[in-house]
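The next block holds one structure in the form of structure tokens; read it before the comments.
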Amino acid sequence: MSKPMHTSSYYAATANYDSDFPQLAGELTVDVCVIGGGFTGLSSALHLAERGYSVALLEGQRVGWGASGRNGGLVCTGQRKGQGELEEMLGEEDARRLWDYAEEAKATMRGLIDKHDIQCDYKPGILTCAYKKSHMPEIREDVAHMNGKYGYDAMRMVEKDELRQMLATDMYHGACLDTDAAHLHPLNYALGLAKACDQAGVKIFEGSPAQSLQSNTQGNVIRTEKGVIRANYVVVACNGYLGRLEPRMAPKIMPINNFMIATEPLGEEGARALIRDDVAIDATKFVVDYYRCSADHRLLFGGGENYSSKFPSDIKSFVRKYMLDVFPQLKDAKIDYGWGGTLAITLNRMPAFGRLENNIFYAQGFSGQGVLLTTMAGKVIAEAVSGTAERFDVFARIPTPSFPGGTLLRYPGLVAGMLYYSMLDKLGK
Ligand SMILES: Cc1cc2nc3c(=O)[nH]c(=O)nc-3n(C[C@H](O)[C@H](O)[C@H](O)COP(=O)(O)OP(=O)(O)OC[C@H]3O[C@@H](n4cnc5c(N)ncnc54)[C@H](O)[C@@H]3O)c2cc1C
């Protein structure tokens with residue numbers, strides 16, 4: 001079998017190294033088998049190996065091949081839901097725990113980048129821009145809440161006039177600047193984690209999709225095309241690519257596709273003319289636009305999504321129209337790369353953590369907030385495997401309802417809902 005390739009993208013073209021882990025062949029017995037080599041699986045494997053467990057990681061394609069190697073790279077503060085909403089939904093105590101957890105996630109990520117010298121273009125700053133005037137009061141309220149109640153002072157309001165100096169577009173009504181949020185090259189972060197796993201003794205196998213997971217009180221058996229792993233513990237970290245591997249986890253998530261493009265290099269001056277301070281941007285549209293400049297001064301722009309098993313035939317044109325809405329001045333810029341990836345969302349947009357019988361753990365459905373939260377998910381999964389599940393359980397007890405209709409019928413309802421909201425976006429409502 002020829003080795004699977006990373007999807008062609010700006011990230012794959014600028015990867016720090018070409019991962020080269022073998023395919024699983026034969027039988028292996030380990031303490032823990034991690035299935036999935038994205039941020040969640042790699043971080044779980046690394047933290048488990050550091051705790052002294054023997055760990056094997058099975059990746060169906062290449063490490064970082066999934067959403068982790070293709071995303072916008074925005075390391076947004078907090079959970080996908082605002083703290084005010086979480087307080088109402090879960091009570092003060094758990095909302096505060098989730099905030100602390102997200103702050104620790106940043107520190108953990110930076111710690112790993114430093115410790116393992118991961119070259120992934122980590123840069124501070126995200127501007128969250130109000131797409132509609134009616135979004136400004138909510139942003140203002142959120143900033144006041146975070147500054148006041150949480151003492152988080154890295155966040156401030158940016159009014160329309162100031163924003164126009166920072167960003168070469170008239171599209172937005174103001175913004176919130178978060179100088180402790182960040183952006184990075186996600187595939188290089190994933191490859192750095194894989195190298196750290198390898199050095200910590202994790203046995204990584206690429207091109208080795210788990211075909212079945214059988215489990216009883218004697219342990220767990222995971223089969224691939226050419227091999228078998230026996231393990232006391234299993235971590236399922238397949239997210240949007242879970243497919244049919246574990247039918248009990250599947251109804252909790254909905255795979256959706258997001259798309260990105262990279263322009264030709266615009267030169268440092270050209271890049272700074274668009275985004276003065278080299279921060280990343282996301283906008284409060286229901287179907288989010290997110291963008292930033294790369295280390296070699298391209299605009300990396302994410303926009304548009306679909307809910308089918310197929311990507312648009314021409315991703316470059318599909319995303320370019322969203323980019324030109326923001327920056328019409330880029331009409332002559334060549335688009336060098338266009339790619340898509342699949343992420344998983346949950347009904348309440350909070351990640352779904354859980355455990356099944358016989359020591360099977362999972363974390364999935366990061367709903368567009370996974371760059372920050374997945375590394376931490378791996379850390380608390382490792383704690384839970386070691387017998388301290390307190391922090392894992394803060395997430396595990398968040399109600400994660402199944403999508404109505406289960407895996408078969410979940411799409412029609414979602415598509416109708418998503419199309420309705422994206423229509424409101426277009427109407428500026
Ligand atoms: C285009 C795009 C833009 C995004 N932008 C952002 C952003 O800017 N900020 C943000 O926070 N989030 C963003 N996200 C979401 C973020 O990328 C994800 O939440 C995160 O990467 C999920 O990581 P993961 O490890 O759980 O899953 P993945 O990275 O998808 O990894 C799952 C892995 O499991 C493997 N796998 C699946 N089945 C099997 C099997 N049976 N056997 C072995 N291996 C298997 C897959 O091959 C895959 O490599 C974006 C996603 C996309 C697609």
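The values are calculated or read from the model by the stated rules, or taken from the named source; none is laboratory data. Keep in mind it's a predicted model, so treat the numbers as computed, not measured. We place every Cβ from the backbone using ideal geometry, glycine too, and count neighbours over all the protein chains shown.
What to note about this one:
- Within the stretch 328-352, considering residues that are in a loop (DSSP other than H, G, I, E, B) and surrounded by 21 or more Cβ atoms within 10 Å (Cβ to Cβ), the one nearest to the chain's Cα centre (by Cα): PRO351
- Residue check, THR224 farther than 30 Å from LYS316 by Cβ, of a type outside the set (A, V, I, L, M, F, W, C) and touching a Pro at 6+ places or on another chain (Cβ under 8 Å): yes
- Failed item in (1) assigned by TED's automatic domain parsing to the domain that holds CYS76; (2) of a type outside the set (S, T, N, Q); (3) within 12 Å of the ligand (Cβ to nearest atom), with MET350 passing the rest: (3)
- Test result for ALA154, among the aliphatic types (A, V, I, L, M) and more than 19 Å from ALA107 (Cα to Cα): no
- Number of residues in the stretch 146-194 that are within 16 Å of the ligand (Cβ to nearest atom) and of a type outside the set (Gly, Ala, Ser): the value is 11.
- Of the residues LEU42, LEU48, LEU24, the single one that is assigned to a helix (DSSP H, G or I), hydrophobic (A, V, I, L, M, F, W, C) and within 12 Å of the ligand (Cβ to nearest atom) is LEU42.
- Residues located in the stretch 385-405, provided they are free of Cβ contacts under 8 Å to residues at least 40 places away in the same chain and either assigned to a helix (DSSP H, G or I) or in contact with a Cys (Cβ under 9 Å, 6 or more places away or on another chain) (or both): GLU390, PHE392, ASP393
Conditions tested, residue by residue: (1) assigned to a strand (DSSP E or B); (2) in contact with a strand residue (DSSP E or B) (Cβ under 9 Å, 6 or more places away or on another chain); (3) buried (at least 16 other Cβ atoms within 10 Å of the Cβ); (4) not assigned by TED's automatic domain parsing to the domain that holds SER43.
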| site | (1), (2), (3), (4) |
| --- | --- |
| PHE301 | yes, yes, yes, yes |
| GLY304 | yes, yes, yes, yes |
| LYS310 | no, yes, no, yes |
| SER313 | no, no, no, yes |
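- Complete set of residues in the stretch 214-235 that are in contact with an Asp or Glu (Cβ under 6 Å, 6 or more places away or on another chain) and either at pLDDT below 95 or within 14 Å of the ligand (Cβ to nearest atom) (or both): VAL228
- Complete set of residues in the stretch 262-280 that are out of contact with any Asp or Glu (no Cβ under 8 Å at 6 or more places or on another chain) and either part of a strand (DSSP E or B) or not acidic (Asp, Glu) (or both): LEU266, GLY267, GLY270, ALA273, LEU274, ILE275, ARG276, VAL279, ALA280
- Test for VAL30: is it assigned to a strand (DSSP E or B), surrounded by 15 or more Cβ atoms within 10 Å (Cβ to Cβ), near the ligand (Cβ under 10 Å from one of its atoms) and in the same structural domain as TYR189 (by TED's automatic domain parsing): no
- Residues of the stretch 287-299 that are of a type in the set (A, V, I, L, M, F, W, C) and either surrounded by fewer than 23 Cβ atoms within 10 Å (Cβ to Cβ) or not assigned by TED's automatic domain parsing to the domain that holds LYS132 (or both): VAL287, VAL288, ALA295.
- If you check THR284, THR263 for being over 25 Å from SER367 (Cα atoms), buried (at least 21 other Cβ atoms within 10 Å of the Cβ) and among the β-branched types (Val, Ile, Thr), only one passes: THR263.
- Checked against the criterion of being part of a loop (DSSP other than H, G, I, E, B) and more than 20 Å from the chain's Cα centre (by Cα), the candidates ASP142, ASP153, ASP161 yield just one match: ASP153.
- Residues of the stretch 51-69 that are within 7 Å of the ligand (Cβ to nearest atom), among the polar types (S, T, N, Q) and assigned to a loop (DSSP other than H, G, I, E, B): GLN61 alone.
- Check on THR169, among the β-branched types (Val, Ile, Thr), at pLDDT 95 or above and either in contact with a Pro (Cβ under 6 Å, 6 or more places away or on another chain) or crowded, with 19+ Cβ neighbours inside 10 Å (or both): no
- For the stretch 353-384, a tally of residues being more than 11 Å from the ligand (Cβ to nearest atom), crowded, with 20+ Cβ neighbours inside 10 Å and assigned to a loop (DSSP other than H, G, I, E, B) returns 0.
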